[in-house]
Amino acid sequence: MGNLDWNLALELAEEHSVLGVVAARLKEKGYGGIPADAWEKLQSSMRTQHLFSLSMTAELFRILDAFGQASIETLLVKGPIASFLAYGDPAVRSYVDLDLLVRDAAILPACRILTALGFEADVPESAILAGKIPGEYLFKRAGAQQLVELHTEKTFRYYPRSMRIEDLYARKRHTPLEGRGVPALSLEDELVLNCIHGAKHFWERLMWPADIAAIVARHPEIAWERVRQAGGTWARSGCCTWACC
């Protein structure tokens, strides 16, 4: 690795959201061959990523508690879930928002709860009351880099087939994040979702194929017949309305 341009390598790793994967692999090798300045840059970036992940996990727990008190059933998808499944650590894979799946019938109270928690809604309540359905319901916290997106079965309107959300809820499971079980898709449904999301973006970032490869490698228990069946639950096309995360 003597001729490696480390600054460029780390820049590309960050651009493709695989910096955490690179850091984990270098740690396994004892950081052999990496120059001191590159090592410092890598460590600084990973500290920032871990702190962000912790802050988002804390926010997730706050949202889940508030939704639970209102009897709003939700599922966490992608982001920290994909990181945990792929790498055994919710902070290895970088992400910029929390993606939560709720039933369309619960979208109005869910949006009101997020607003009460201090988030600013990108979609006004008047639009929801008017029956307008965006690609996702985006929420931002003013002065912080915290984004939350709510998705429902109706935000998948560009699919050739309607999403059978009750099937996803029926197969849900709880995935451990920072010592707490978080409601999430089944392993097979999460795998399919990540494949659809990567295909939507033509696999242009290394993060997406890396996630799929890691999930498959770490989980030999994947039921491939269920994966095939789960594909019909989402759609039989690469079209997807999920925002990049």
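The values are calculated or read from the model by the stated rules, or taken from the named source; none is laboratory data. As the structure is a computational prediction, the values presented were derived from the model and not from experiment. Quick reminder, even Gly has a Cβ in these numbers, built from the backbone with ideal geometry, and neighbours come from all protein chains shown.
Structure above, values below:
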| item | result |
| --- | --- |
| Segments classed as strands (runs of 3 or more DSSP E), wholly inside segment 63-156, with at least 1 members that are buried (at least 21 other Cβ atoms within 10 Å of the Cβ) and in contact with a His (Cβ under 9 Å, 6 or more places away or on another chain) | 74-77, 97-102, 137-141 |
| Qualifying positions in segment 137-178 - under 30 Å from A217 (Cβ atoms), of a type in the set (K, R) and touching a residue at least 60 places away in the same chain (Cβ under 8 Å) | R164, K172 |
| Test: I212 is modelled with pLDDT of 95 or more, more than 18 Å from the chain's Cα centre (by Cα) and either over 30 Å from L12 (Cα atoms) or surrounded by fewer than 20 Cβ atoms within 10 Å (Cβ to Cβ) (or both) | no |
| Filtered residues of segment 16-36 (kept if exposed (fewer than 14 other Cβ atoms within 10 Å of the Cβ) and either within 28 Å of the chain's Cα centre (by Cα) or at negative phi (or both)) | R25, K27, E28, K29, G32, P35, A36 |
| Residue match in segment 179-186 (condition: within 22 Å of V22 (Cα to Cα), touching a residue at least 40 places away in the same chain (Cβ under 8 Å) and either in a strand (DSSP E or B) or of a type in the set (A, V, I, L, M) (or both)) | no |
| Segment 38-51: number of residues that are among the acidic types (D, E) and under 19 Å from E15 (Cβ atoms) | 0 |
| Selection from segment 122-147 of residues that are aliphatic (A, V, I, L, M) and either farther than 23 Å from V77 by Cα or out of contact with any Asp or Glu (no Cβ under 6 Å at 6 or more places or on another chain) (or both) | V123, A127, I128, L129, A130, I133, A142, A144 |
| Qualifying residue in segment 17-31 (condition: at pLDDT 95 or above, more than 23 Å from K140 (Cβ to Cβ), of a type in the set (K, R) and out of contact with any strand residue (DSSP E or B) (no Cβ under 9 Å at 6 or more places or on another chain)) | no |
| Yes/no for R93 being without any contact (Cβ under 8 Å) to a residue 40 or more places away in the chain, closer than 26 Å to A213 by Cα and among the charged types (D, E, K, R) | no |
| Matching entry among A9, A13, A58, A24 (being within 14 Å of S83 (Cα to Cα), in a helix (DSSP H, G or I) and hydrophobic (A, V, I, L, M, F, W, C)) | A24 |
